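What follows is a short report on a single structure.
Nothing in this text is a laboratory measurement; each read-out follows from the coordinates by a stated rule. From a predicted model like this one, the values you see are computed outputs, not experimental measurements. Glycine gets a Cβ as well: all are built from the backbone with ideal geometry, and neighbour counts include every protein chain shown.
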């Protein structure tokens with residue numbers, strides 16, 4: 001990424017404008033042969049989006065790089081204007097955010113699995129027979145009640161689905177440069193926790209003590225008598241979003257992972273339950289307090305992941321039906337896009353570019369009559385990297401000064 | 001180029017898919033005023049390409065950079081997904097590949113000219129009066145018969161056209177960091193071979209001994225009594241294509257240079273003679289053994305270089321007529337593009353982007369009705385660097401995993 005985008009701070013100005021970034025998760029699609037070769041956006045009835053498209057600029061955004069399918073981490077890193085090839089959110093941190101744990105600076109998070117080992121300490125099942133989520137909750141509670149602190153380090157545990165849970169170590173002088181203890185296949189003992197630098201040696205020592213205590217407690221469990229850890233990581237050091245762009249930033253998201261990612265970047269992240277309607281209510285109620293609003297709508301991605309074309313169409317139509325509510329706030333700049341594509345044909349994230357609509361009196365030339373991948377492909381904004389979206393938004397909000405004399 | 005494209009290996013998965021990259025050499029063109037302002041692709045009757053375009057994604061590919069006209073080396077380096085600004089194939093190596101010499105690891109190749117020197121050792125003609133190719137062949141044979149080995153280094157010579165030939169040194173401990181001996185203008189003596197590091201000093205010593213012996217043999221030649229050498233180079237160290245992408249890779253090419261370049265990258269390169277029809281027969285006969293097929297069709301480029309618009313149109317139509325043969329193999333991903341443009345109006349390679357067609361059920365949105373530069377300019381794939389084509393092909397073959405969590 002060019003220096004200028006990395007140093008936007010030098011160009012940033014303040015004004016009264018309001019910017020809204022609507023992330024319709026997994027928005028982009030590809031033609032589905034069972035539905036007339038249309039994409040979900042093409043099949044959906046979207047009168048409000050279409051009307052908005054006629055007065056907005058359109059384009060296609062490459063989340064990370066051509067052909068690269070991003071996870072949610074890189075997808076959002078890019079949308080927030082950071083380089084997804086350089087800034088990495090570790091697996092442990094993402095898992096912790098995903099189960100709703102708050103991370104403080106210096107915390108080390110790891111993904112944990114319950115597993116089964118035999119009398120010789122050999123792992124015979126890396127997933128402890130995929131024990132039920134309730135069983136996992138019971139075991140994690142039992143561990144947490146007995147193990148709260150080791151040396152000067154707090155141990156925080158939270159259950160996930162089935163055999164999965166998350167461990168966070170909170171204390172001073174911890175590093176995250178540790179090898180996984182998970183051997184990744186059955187028939188081997190777990191690896192010893194091993195720190196690869198001095199602060200990580202402390203982490204490894206705490207982890208060893210934790211595993212000793214924990215496996216003593218689990219000793220009589222028929223399946224979940226061992227623990228495997230991987231993805232040790234700390235929150236990345238980064239310039240916070242509000243400082244970088246000179247804005248007061250609010251994230252409106254229901255799912256813990258997206259709230260967590262936004263919190264990492266320094267967004268305020270109040271809780272909200274329900275659905276998109278409740279999210280928009282929150283947006284409205286905090287409208288005066290912030291300059292930049294990140295609104296995350298998850299359901300499109302879930303429908304895409306399920307391969308449910310018609311459900312994804314429905315979700316898009318639901319978003320469309322609530323769009324007037326957002327517009328009624330009169331944002332100066334409004335962007336509607338996705339963090340990555342999730343075509344229902346592929347039942348998962350994909351590498352395809354995200355359609356993007358940028359609405360602003362100063363956005364440029366409207367070229368389309370609908371908001372679809374096809375119209376975006378020939379849009380005024382062209383094909384551009386997602387990490388450049390923030391500079392386009394700030395510019396359209398007249399919040400970026402001149403570069404050079 | 002971002003880290004992610006350089007480390008595709010970390011994302012690569014294997015499956016049963018078949019990928020075909022058809023390089024129609026010099027495919028792209030620009031409007032020719034003598035032919036109704038059409039490009040060769042626009043003037044050609046291409047029913048098969050057009051039908052395929054209607055179910056494929058289109059775009060324009062920048063071989064190296066905007067305004068940069070690539071040689072065949074950088075053109076193919078980019079198509080294979082490597083960075084043409086970083087990876088360089090030396091002039092000597094390219095010349096050796098061009099005359100069909102096989103290079104082994106550590107070989108040093110140089111381009112050689114027969115030249116004329118006077119009694120004082122001053123070069124009076126750098127091209128020895130452009131002696132006939134047959135004369136060149138006779139002289140090279142004479143030299144090769146007398147000089148086969150110097151110290152422990154094998155000397156391999158092969159004639160080219162007119163005054164040109166290629167010298168390859170094969171032995172241990174040779175470097176390629178040598179200054180050219182060719183003074184680049186008449187009126188000067190050749191430079192002494194000089195190695196700029198320790199292994200290249202050995203090369204320089206062998207070259208000096210070779211030149212002494214050779215010029216002794218050429219002493220009585222009226223014109224070709226001296227030899228000038230340039231472009232000393234070894235095959236670049238590179239991660240081979242099959243390892244990088246986890247594929248078994250076959251190159252189908254008639255011309256030695258393209259076979260040679262593909263061999264450098266680790267493709268299997270069986271011999272094939274005749275024309276495109278024979279190439280496609282080879283493709284078919286080896287279909288089961290490989291995952292990735294690079295098919296090179298040269299004639300379009302030759303016609304463009306000759307400035308022969310109608311001949312280039314004919315070559316495109318010939319390719320079109322055989323396209324059904326390729327399609328009958330049912331590739332999962334098929335790309336048709338060029339390594340660079342060769343507009344007949346310019347009688348040579350040019351900097352113009354290459355039209356690209358990517359056919360795959362998962363490629364994205366078809367936008368065109370014909371396969372022309374004009375339709376590609378507004379295609380779903382946009383304008384993208386040629387080095388990103390491989391990640392798009394692998395993604396469309398569902399051979400790339402997710403980046404980041």
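Peptides A:142-148, B:339-345 ranked from most to least packed by the mean count of surrounding Cβ atoms within 10 Å: B:339-345, A:142-148. Each of B:22, B:376 was scored by other Cβ atoms within 10 Å of its Cβ. Arranged with the fewest first, they read B:22, B:376.
Here residue A:7 and residue B:83 are evaluated by their C-beta separation; at R0 = 22 Å the FRET efficiency comes out at 0.30.
Compared with the dominant principal axis of the Cα atoms in chain A, helix A:276-285 is inclined by about 70°. Computing Rg and the Kirkwood Rh from the Cα coordinates of the stretch A:97-174 gives a ratio, Rg/Rh, of 1.01. Per DSSP H run of n ≥ 4, the term is -39500 (n - 2.57); total these for chain B, divide by its residue number, and report the mean residue ellipticity at 222 nm rounded to 500 deg cm²/dmol. Theoretical 222 nm ellipticity from helices: -9000 deg cm²/dmol. Computed from the C-beta positions of residue A:191 and residue B:205 and an R0 of 60 Å, the FRET efficiency is 0.70 to the nearest 0.05. The distance from the alpha carbon centre of the stretch B:83-136 to that of the stretch B:11-69 is 33 Å, rounded to a whole number. Sequence-distant contacts, meaning Cα pairs under 8 Å at least 6 residues apart, place the relative contact order of chain B at 33 percent.
Inter-copy label distances at residue A:329, using a point 7 Å along Cα-to-Cβ, come to 5.5 nm with the shortest given first. For chain B, the longest principal axis of the C-alpha atoms and the axis of helix B:309-327 are separated by about 60°. Each of residue A:152 and residue B:273 was given a label point 7 Å from its Cα along the Cα-to-Cβ line. The distance between the two points is 8.2 nm.
Among residues of chain B, the one whose beta-carbon sits closest to the B-to-A rotation axis is listed with its distance in Å as B:378, 3. Counting only other chain Cβ atoms within 10 Å of each residue's Cβ, the peptide B:53-64 averages 1. Restricting the calculation to Cα atoms, chain B shows an Rg/Rh of 1.02 when the hydrodynamic-style radius is the Kirkwood one. Taking one quarter of the surface of the C-alpha convex hull of the protein assembly as shown gives a mean projected area of 41.2 nm². Here is how far apart the residue A:273 label points are across copies: 8.1 nm, shortest first, using a point 7 Å from Cα toward Cβ.
For peptide B:7-14, the mean count of partner chain Cβ atoms within 10 Å of a residue's Cβ comes to 1.
Between copies, the label points of residue B:237, set 7 Å from Cα on the Cα→Cβ line, lie 3.2 nm apart, reported in increasing order to one decimal in nanometres. What the pair-distance distribution of the stretch A:1-143 shows, using all Cα-Cα distances binned every 10 Å from zero, is 8, 21, 26, 24, 15, 6, 1 percent.
For chain B, the longest principal axis of the Cα atoms and the long axis of helix B:133-146 meet at an angle of about 60 degrees. In this calculation the C-beta distance from residue B:161 to residue B:119 is compared with R0 = 45 Å, giving a FRET efficiency of 0.95. The mean number of Cβ atoms from other chains found within 10 Å of a Cβ in peptide A:66-78 is 6, as a whole number.
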